[in-house]
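The values are calculated or read from the model by the stated rules, or taken from the named source; none is laboratory data. Fair warning: this is a prediction, and the values are worked out from it, not measured in the lab. Methodologically, a virtual Cβ is constructed for each residue, glycine included, from the backbone with ideal geometry; neighbour enumeration extends over all protein chains shown. Each accessible area value is taken on the protein alone, full model and side chains, heavy atoms only, with ligands, DNA and RNA left out. Shrake-Rupley method; radii C 1.70, N 1.55, O 1.52, S 1.80 Å.
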Amino acid sequence: YNIMMETAPPRFHPVGKYATVEFREDCAGSCRECVKKKCVSGIFKENYLHAISMEEPEYLYTCQSCFRCVQECTRGIFSRVIDPEYRTLGDDYWRPDILNRTWYQAHTGKVPVSGAGYRGPFVGKGFDSMWTDMSEIVRPTRDGIHGREYINTCIELSRRPDRLKFRDDMSLGTDVPPILEIPVPVMFQHPKFGVSGGNVLLTMARAAHELGTMMFIRAEDYADAFAPYAENLIPCLTKDNYQDFADIISKTRMAELAYASGIENELDKLRSLHPGLFISIGIPLNKKAASCALELVQTDADTLHFYADDHGNELDTENPRSLKDTIREIHLRLVENNMRQKINLVFSGGIAMAEHMAKAIICGADGVTVDNSLLIALECRLCYLCKADKPCPVKLEDADPDWGSQRIINLMCAWRNQLLEVMGAMGIREARRLRGEVGRSMKFEDLEAENFGPIFGERKVSGDK
Ligand code: SF4
Ligand code: SF4
């Protein structure tokens, strides 16, 4: 399995972190070794092209901030400043750097690198208080990203038999149910906001189809134009309305029912509309999620799909826990009851970077879904103007599906390569083996308790305060 990236340049000039301030009046004008020729990102060449087409040249989203130009110019004419517009992007979870790096990945399909290294805080909330352990000394690394060793990123969405039985003649005595496998542990989720008119949803569905993954979509939004991608769509239904969508159900491989009491009695009826249908149950990620998972694992569902909020937080509580803790709780509840192997767990909400996907799997998820990142790949700036019915500054509704689906494919190519890097460095060759492998990670709470606990005792104040 390989994802084919192809450069898909932005339609609008992306907002970059740095703006160049170039004091041209101090330029000597004739240096043979001008630093502009040495820029690894070709920024000044790009600036020149912008200048001849009379476009704004300042916004440098591909600049890697290596400061070579600032340091090496013999007349010191360069300064870097942070673009004020950059600071207004997104919010405190969907930070400007996440948007900026997502645009870069959707444009180039490449893993983002930072010339100036990581300058953020040592620890943060949620996944930012967890690190992957990629020590090369204790286990051999694998080389998947360059194709010299195959690292498998497949996951299953179908239920597995508990054990295999063999007859006396050693032929297989267990009826092995059909398998639904996807090549990447990430699926698409219909975003909760954003322009969904024009071809936006169709663009996402096409990308899901080309990648071989699945997309959760509201059944009401399904239209005839989606027919070529029907096998990759998972219509989200309720126990009250699924009978109205029998036609859609007959074309898909998997359908999702929203959790409600008595849902277990509906699964057979839903399957009668399409024998062999794989079923997911959509569950709000709240305090009851773990007990709900334990109850539903006894049913005939294939996958449990938990919905956190946009920031990856637990729902219906004033002190929400992050995905990192809730995934762990649900996974361990099933492990303790010897039920984990029976069912697949998928988590939605707040998956904003490739590392979130890897960390969610380490915590115990089988797979995750992305939503806002799909919009961002199409140049969305998370300005939320569409929520107020105002025009979209990047005209998302006019996006060409060929261009848009390639941008999403590029983003997934970069994410998968990052997953390969992480798994390769850990010496793991199967995404399914990464599930629940907390031994390959470190959590701030554990490190703090082990190192400072014996000296200072138990933490009494939350680190957020
Ligand atoms: S900081 Fe580095 S990457 Fe950015 S413009 Fe200067 S030389 Fe190029
Ligand atoms: S750019 Fe703004 S208006 Fe357009 S889809 Fe994104 S949030 Fe909505």
Task: Criterion violated by residue 170 - all others in (1) in a helix (DSSP H, G or I); (2) open to solvent by 10 Å² or more (accessible area, probe 1.4 Å) satisfied - done: (1)
- [ ] Just give me the residues in region 308-326 being in contact with a Phe, Trp or Tyr (Cβ under 6 Å, 6 or more places away or on another chain) and either part of a loop (DSSP other than H, G, I, E, B) or outside the structural domain of residue 194 (by TED's automatic domain parsing) (or both), in sequence order.
- [x] 311
Open item on the list: Looking at 331, 305 in this structure, which one is modelled with pLDDT of 95 or more and in a helix (DSSP H, G or I)?
Closed with: 331
Open item on the list: Restricting to region 395-414, name every residue that is surrounded by 14 or more Cβ atoms within 10 Å (Cβ to Cβ) and either aromatic (Phe, Trp, Tyr) or not in a helix (DSSP H, G or I) (or both).
Closed with: 399, 403
TODO: Could you list, in sequence order, all residues of region 173-188 that are touching a residue at least 60 places away in the same chain (Cβ under 8 Å) and open to solvent by 20 Å² or more (accessible area, probe 1.4 Å)?
DONE: 178, 183
Task: Looking only at region 6-18, and only at residues there that are open to solvent by 60 Å² or more (accessible area, probe 1.4 Å) and at pLDDT 90 or above, the one that is farthest from ligand 2 (Cβ to nearest atom) - done: 6
Task: Residue in region 128-137 that is open to solvent by 40 Å² or more (accessible area, probe 1.4 Å), free of Cβ contacts under 8 Å to residues at least 60 places away in the same chain and assigned by TED's automatic domain parsing to the domain that holds residue 403 present - done: no
TODO: Take region 204-227 and flag every residue that is outside any strand (DSSP E or B) and modelled with pLDDT of 95 or more.
DONE: 204, 205, 206, 207, 208, 209, 210, 211, 212, 213, 214
- [ ] Given the conditions (1) of a type in the set (A, V, I, L, M); (2) crowded, with 20+ Cβ neighbours inside 10 Å; (3) assigned to a helix (DSSP H, G or I), report the number of the one that residue 255 does not fulfil.
- [x] (3)
Task: Matching residues, region 304-322, being out of contact with any Ser or Thr (no Cβ under 6 Å at 6 or more places or on another chain), small (Gly, Ala, Ser) and surrounded by 22 or more Cβ atoms within 10 Å (Cβ to Cβ) - done: 308
